[in-house]
Amino acid sequence: MPSPICSSATPFLEENLPVTWPRDSGQVPIYYAHNTTQGPESQGKRYWDEESTPLYPFGYGLSYTTFTFSNLHVSQPQFRIGQTAEVTADVENTGPSTADEVPQIYIHQQYGSTSRPVRELKDSSASPSPRMRKDRPLQPREQRTELLECGKEGVG
């Protein structure tokens with residue numbers, strides 16, 4: 001097996017953060033899905049001496065290669081509680097290394113009578129599901145279609 005330190009092989013340790021990483025300990029606790037409260041236009045300006053946005057947000061990740069998303073399609077542009085929308089997108093490895101990417105769906109409510117989180121993770125291709133997810137990395141210039149759902153348990 002090639003050494004991930006001295007080889008051209010990608011070590012496949014590419015992951016997305018499962019937490020939000022604060023800029024400073026004074027921001028703790030910090031949540032990716034915090035509610036929009038008063039002053040939504042100033043969400044990133046809560047401190048005098050630094051930004052209130054996280055250093056690395058929930059879901060942030062790095063890779064040894066680059067990816068392109070194209071042909072994004074949403075099965076229905078609007079849906080209500082109890083309905084499901086499917087999202088498909090082509091993911092292509094446009095870089096030089098074999099690697100994997102984890103597409104994610106986030107939603108937010110622009111208008112409403114109740115306060116909703118700024119962004120909520122609703123699905124990712126890393127979630128256990130018998131859908132189209134392939135459990136192997138993409139080779140350079142390889143492309144595949146990912147299917148994600150925003151469904152009954154996700155929106156509410």
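Go through (1) touching a Ser or Thr at 6+ places or on another chain (Cβ under 7 Å); (2) modelled with pLDDT of 75 or more; (3) small (Gly, Ala, Ser) and name the single condition residue 44 misses.
For residue 44, the exception is condition (2).
Out of everything in the range 54-82 that is closer than 15 Å to residue 93 by Cα and modelled with pLDDT under 85, what residue ends up being surrounded by the fewest Cβ atoms within 10 Å (Cβ to Cβ)?
This residue is 62.
Can you tell me which residues in the range 121-151 are crowded, with 17+ Cβ neighbours inside 10 Å and modelled with pLDDT under 80?
Within the range 121-151, 124, 125, 133 qualify.
For the range 90-110, state whether one or more residues are part of a strand (DSSP E or B), within 15 Å of the chain's Cα centre (by Cα), surrounded by 15 or more Cβ atoms within 10 Å (Cβ to Cβ) and among the small types (Gly, Ala, Ser).
no
Could you tell me whether any residue of the range 13-31 is modelled with pLDDT under 70, surrounded by 14 or more Cβ atoms within 10 Å (Cβ to Cβ) and of a type outside the set (Val, Ile, Thr)?
Yes, the range 13-31 contains at least one residue that is modelled with pLDDT under 70, surrounded by 14 or more Cβ atoms within 10 Å (Cβ to Cβ) and of a type outside the set (Val, Ile, Thr).
The values are calculated or read from the model by the stated rules, or taken from the named source; none is laboratory data. Predicted model only: the values in this text are computed from it and were never measured. Neighbour counts are summed over all protein chains in view; Cβ atoms, including those assigned to glycine, are modelled from backbone coordinates with ideal geometry.
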